[in-house]
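The values are calculated or read from the model by the stated rules, or taken from the named source; none is laboratory data. Since this is a predicted model, take the numbers as computed values, not measurements. A quick note on method: Cβ atoms are made from the backbone with ideal geometry, for glycine too, and the neighbour counts reach across all protein chains shown.
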Amino acid sequence: MSSSRYSTVLFDLDGTLTDPKIGITKGVQYALAKAQIVVDDLDSLECFIGPPLAVSFREFYGFSDADAHAAVAAYREYYSVTGLYENLLYGGIQELLELLRAQGRKLIVATSKPTVFSKTVVEHFGIASFFDEIVGSNLDGTLSEKGEIIAHILKQHQLDPETTVMIGDRKFDIIGAQANVVDSIAVGYGYGSGTELLAAQPTHFAGTVDELRAFFAEGKEGR
């Protein structure tokens, strides 16, 4: 299956376009400390990168819905001021976006991160001009599941699922794409393990940004 069929490319943000580890894990550490939970190892909080935060606070720390809501609010106290900028653009992403735009493809960010923060991050790294739209979740927690976000984008832009592809580093990106009958590309340089990603059965797999760029540049077959 050649990449030439994909006229629209949806990108996850955290772990796909940028490496947000420091900002997100420090924000979670801050929120947990407010709940009297001390976590010194930031690596242990990488599981919060990707899925909706409220879901992760419930899943990994057993928070109630109310406590998870409070933890997300505390997280944003840190993230909105400092954590947003504790972030790095992955090497080669600028060149990849330039290639896709030169090929005439529509590019849209599809992330579970709140739209307001997502726009700030994308603008901070100077890549906002590559995207037709940046679609994230609402601050009230709605539109946070990846499947809902992709469905919203398909409807708003009147896109054909058959010519759309979702790129992401976690199983949530792959599952969300599948729920909308959209092809997917799992990337191995982010925060999802190879086991997690392959178990989700993405349409294609790219281990590095260079492999992802080569897929689009050469129109080569996926996995």
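Residue by residue through segment 27-59, note down the ones that are over 21 Å from I149 (Cα atoms) and part of a loop (DSSP other than H, G, I, E, B). Correct list: A35, Q36, I37, V38, V39, D40, D41. Taken residue by residue, segment 38-45 has no member that is of a type in the set (S, T, N, Q) and surrounded by 18 or more Cβ atoms within 10 Å (Cβ to Cβ).
Remark: G50 falls outside the filter, which requires a residue to be at positive phi and surrounded by fewer than 21 Cβ atoms within 10 Å (Cβ to Cβ).
Taking residues in segment 99-115 that are under 12 Å from K146 (Cα atoms), and partners anywhere that are at pLDDT 95 or above and among the aromatic types (F, W, Y), the pairs with Cβ atoms closer than 6 Å and at least 6 places apart or on different chains are V109/F11; V109/F131. Taking (1) assigned by TED's automatic domain parsing to the domain that holds E211; (2) not in a loop (DSSP other than H, G, I, E, B) in turn, R76 satisfies each apart from (1). Within the group A151, A206, A179, A214, which residue is outside the structural domain of R58 (by TED's automatic domain parsing), crowded, with 21+ Cβ neighbours inside 10 Å and more than 15 Å from the chain's Cα centre (by Cα)? Only one candidate passes the filter, namely A206. Would segment 74-89 turn up any residue that is under 19 Å from L143 (Cβ atoms), surrounded by 15 or more Cβ atoms within 10 Å (Cβ to Cβ) and among the polar types (S, T, N, Q)? No, there is no match, as no residue in segment 74-89 is under 19 Å from L143 (Cβ atoms), surrounded by 15 or more Cβ atoms within 10 Å (Cβ to Cβ) and among the polar types (S, T, N, Q). G176 fulfils the conditions (1) assigned to a helix (DSSP H, G or I); (2) touching an Asp or Glu at 6+ places or on another chain (Cβ under 8 Å); (3) closer than 25 Å to D43 by Cβ except for a single criterion, (3).
State whether one or more residues within segment 159-170 are among the hydrophobic types (A, V, I, L, M, F, W, C), surrounded by 15 or more Cβ atoms within 10 Å (Cβ to Cβ), under 21 Å from G83 (Cβ atoms) and modelled with pLDDT of 95 or more. Scanning segment 159-170, I find no residue that is among the hydrophobic types (A, V, I, L, M, F, W, C), surrounded by 15 or more Cβ atoms within 10 Å (Cβ to Cβ), under 21 Å from G83 (Cβ atoms) and modelled with pLDDT of 95 or more, so the answer is no. The set of residues in segment 122-138 being in a helix (DSSP H, G or I) and in contact with a helix residue (DSSP H, G or I) (Cβ under 6 Å, 6 or more places away or on another chain) consists of V122, A128, F130. Cβ separations smaller than 6 Å between residues 6+ apart or across chains give the following pairs from segment 128-141 residues that are free of Cβ contacts under 8 Å to residues at least 24 places away in the same chain to residues that are assigned to a helix (DSSP H, G or I): A128/V122. Selection of segment 98-109 for residues being part of a helix (DSSP H, G or I) and under 19 Å from I153 (Cα atoms) yields L100, R101.
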